[in-house]
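*Asks:* One structure, as structure tokens, below. Some questions next.
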Amino acid sequence: MSRWMRKRGLIAGTNPKSAAAETYRRLRTGIELANRTAGMKTIAIASAEPGEGKSTASANLAIAYAQANRSVLLIDSDLRAPVQHRIFDLPNETGLSTALAGRCGIAEAIRPTAFANLQVVCAGPIPSNPTELLDSDGMTALLEAAKERFDIVIVDTPSLAAGADALIVSDKCDGAVLVIRRGKTKFDAVAKAKESLESCRARLVGAVFNRTGR
Ligand SMILES: Nc1ncnc2c1ncn2[C@@H]1O[C@H](COP(=O)(O)OP(=O)(O)O)[C@@H](O)[C@H]1O
Ligand SMILES: [Mg+2]
């Protein structure tokens, strides 16, 4: 387990009996239902602003899925401020950015983790043209290929307020989960985030109220 995990607590992985782990299992069940009824396989984890807990939620949800014996691919699409390589203690020399730029094959970018059934595509080195890379046919093809190989694909995204990247990625996914940091994110920002998600192809399949106790 990485230092990041110990320090920040990957709840689902380290303490499966906790209330938070139960929350992720419930979210997983909701997504499962959407998966079965509407064939949703690629799920973008989105939020209005940075720091609301998207990356933490993505990692926990991915672990909750893996613990249910489903094969999971977690993709870090936050090419400007990636964190999944730190959460799972993985090298970041190759990843989504290098695969989309054609500098490595996608197989090289998919890494196993300490968790059975869970593999991660880290973001890779920060590129000079993140929006262009995400808004490419290569990204569409990568997600389609991942759907063939994995039971579920969870995509950690940048914040919606930070530019076009998050919407571009969500538009390529089947479903989206909106993370809301209770007590911090303003209602207007949440409403705007929901509205912009509704304008893209992904269907909103759930919301996470993060840090409810703080
Ligand atoms: N439920 C939580 N309880 C405590 N700390 C949290 C929780 N969710 C997120 N954090 C912390 O808040 C910070 C931002 O979380 P992160 O998942 O990186 O947000 P985002 O991806 O939306 O920018 C991180 O330091 C993370 O460890
Ligand atoms: Mg993040």
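The values are calculated or read from the model by the stated rules, or taken from the named source; none is laboratory data. Note that this is a predicted model, so its numbers are computed, not measured. Methodologically, a virtual Cβ is constructed for each residue, glycine included, from the backbone with ideal geometry; neighbour enumeration extends over all protein chains shown. Heads up: the accessible areas ignore ligands, DNA and RNA and are worked out on the full protein's heavy atoms, side chains in. Shrake-Rupley method; radii C 1.70, N 1.55, O 1.52, S 1.80 Å.
*Asks:* Given the conditions (1) over 27 Å from ARG201 (Cα atoms); (2) at pLDDT 95 or above, report the number of the one that ALA46 does not fulfil.
*Replies:* Single failed check for ALA46: (1).
*Asks:* Return only the number of the condition from (1) within 16 Å of ligand 2 (Cβ to nearest atom); (2) over 14 Å from the mean Cα position of the chain (by Cα) that ASP78 does not satisfy.
*Replies:* Tallying (1) within 16 Å of ligand 2 (Cβ to nearest atom); (2) over 14 Å from the mean Cα position of the chain (by Cα), ASP78 fails exactly one: (2).
*Asks:* Show me the helices (runs of 4 or more DSSP H) entirely contained within the range 109-202 in which 1 or more residues are within 16 Å of ligand 2 (Cβ to nearest atom) and open to solvent by less than 50 Å² (accessible area, probe 1.4 Å).
*Replies:* Details: elements: 130-134, 137-149, 165-171, 187-198.
Where helices (runs of 4 or more DSSP H) fall fully within the range 109-202 and carry at least 1 residues being within 16 Å of ligand 2 (Cβ to nearest atom) and open to solvent by less than 50 Å² (accessible area, probe 1.4 Å), they are 130-134, 165-171, 187-198.
*Asks:* Conditions: (1) away from ligand 1 (no atom under 16 Å from the Cβ); (2) at pLDDT 90 or above; (3) surrounded by fewer than 24 Cβ atoms within 10 Å (Cβ to Cβ); (4) closer than 21 Å to LYS172 by Cα. ARG80 meets all but one. Number of the miss?
*Replies:* Condition (1) is where ARG80 drops out.
*Asks:* List the residue pairs whose Cβ atoms are under 9 Å apart, where the first residue sits in the range 67-86 and is over 11 Å from ASP156 (Cα atoms), the second is aromatic (Phe, Trp, Tyr) and crowded, with 23+ Cβ neighbours inside 10 Å, and the two are 6 or more positions apart or on different chains.
*Replies:* SER71/TYR65; VAL72/TYR65
*Asks:* In addition: Based on what the data block shows, is VAL120 at pLDDT below 90, within 16 Å of ligand 1 (Cβ to nearest atom) and within 25 Å of ARG25 (Cα to Cα)?
*Replies:* Judged against the criteria, VAL120 is not a match.
*Asks:* Moving to a separate point now. Within the range 23-52, work out how many residues are touching a helix residue (DSSP H, G or I) at 6+ places or on another chain (Cβ under 9 Å) and within 16 Å of ligand 2 (Cβ to nearest atom).
*Replies:* So the answer is 8.
*Asks:* Turning to a different aspect of this structure: Restricting the range 15-25 to residues that are more than 18 Å from ASP151 (Cβ to Cβ) and more than 13 Å from ligand 1 (Cβ to nearest atom), which is modelled with the lowest pLDDT? Working first, answer last.
*Replies:* In the first step, residues of the range 15-25 are kept if they are more than 18 Å from ASP151 (Cβ to Cβ); the result is 15-23.
Pick out the ones that are also more than 13 Å from ligand 1 (Cβ to nearest atom) and you get 16-17, 22.
Numbers: PRO16: 73, LYS17: 78, GLU22: 83.
In this case the residue turns out to be PRO16.
*Asks:* Restricting attention to the range 65-75, which residues are surrounded by 19 or more Cβ atoms within 10 Å (Cβ to Cβ) and away from ligand 2 (no atom under 16 Å from the Cβ)?
*Replies:* If we filter the range 65-75 for residues that are surrounded by 19 or more Cβ atoms within 10 Å (Cβ to Cβ), which is where we start, we get 65-67, 72-75.
Matches in the range 65-75: TYR65, ALA66, GLN67, VAL72, LEU73.
*Asks:* Filter the range 73-108 down to the residues that are within 17 Å of ALA145 (Cβ to Cβ), assigned to a loop (DSSP other than H, G, I, E, B) and of a type in the set (Val, Ile, Thr) and list them by number.
*Replies:* THR94, the sole residue that qualifies.
*Asks:* If you don't mind, another one. Restricting the search to the range 158-214, which residues are touching a Cys at 6+ places or on another chain (Cβ under 9 Å), within 26 Å of ALA20 (Cα to Cα) and aliphatic (A, V, I, L, M)?
*Replies:* Within the range 158-214, ALA176, ALA202 qualify.
*Asks:* While we're here: Which numbered condition in (1) open to solvent by less than 40 Å² (accessible area, probe 1.4 Å); (2) outside any strand (DSSP E or B); (3) in contact with a Lys or Arg (Cβ under 7 Å, 6 or more places away or on another chain) is the only one that ALA62 fails?
*Replies:* If we test ALA62 against (1) open to solvent by less than 40 Å² (accessible area, probe 1.4 Å); (2) outside any strand (DSSP E or B); (3) in contact with a Lys or Arg (Cβ under 7 Å, 6 or more places away or on another chain), just (3) comes out false.
*Asks:* Shifting gears a bit: Please go through the range 83-94 and give me each residue that is open to solvent by 30 Å² or more (accessible area, probe 1.4 Å) and either within 9 Å of ligand 2 (Cβ to nearest atom) or in contact with a Phe, Trp or Tyr (Cβ under 8 Å, 6 or more places away or on another chain) (or both), ordered by number.
*Replies:* Of everything in the range 83-94, those that are open to solvent by 30 Å² or more (accessible area, probe 1.4 Å) and either within 9 Å of ligand 2 (Cβ to nearest atom) or in contact with a Phe, Trp or Tyr (Cβ under 8 Å, 6 or more places away or on another chain) (or both) turn out to be ARG86, ASP89.
*Asks:* Also, quick follow-up: Go through the range 26-55 and give me each residue that's within 13 Å of ligand 1 (Cβ to nearest atom) and either buried (at least 23 other Cβ atoms within 10 Å of the Cβ) or of a type in the set (D, E, K, R) (or both).
*Replies:* Passing the criteria: ALA44, ILE45, ALA46, SER47, ALA48, GLU49, GLU52, LYS54, SER55.
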